Amino acid sequence: MNLPQNMGKTDRNIRFAAAGLLVLAGWLTGSVLLSVIGLIPLATAATGFCPAYLPFNISTKGKEESGA
């Protein structure tokens, strides 16, 4: 399935950083839940698609990124 990308580079980079911090914090504290929660921003950043943006028709992609 080909998901429409609705995330710009800055949004994706912030999510990659947040995911790394959450997974690291989970690993350091021994919290599996924190590490699993970190997988959510990791997955959305990797795909460039945020399902929460869809109902609100939000896109953080700039015009230069969307090919317009």
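Each reported figure results from applying straightforward, stated rules to the coordinates on display, with no laboratory input. As the structure is a prediction and not an experimental result, all values here were calculated from the model.
Over every pair of different alpha-carbon atoms in the chain, take the mean of 1/r and invert it; report that Kirkwood radius in Å. Mean inverse Cα-Cα distance, inverted, gives 12.7 Å.
Based on DSSP H segments of at least four residues, each scored -39500 (n - 2.57), the chain has a per-residue ellipticity at 222 nm of -19500 deg cm²/dmol. Rounded to the nearest 10 degrees, the inclination of helix 32-47 to the longest alpha-carbon principal axis of the chain is 20 degrees.
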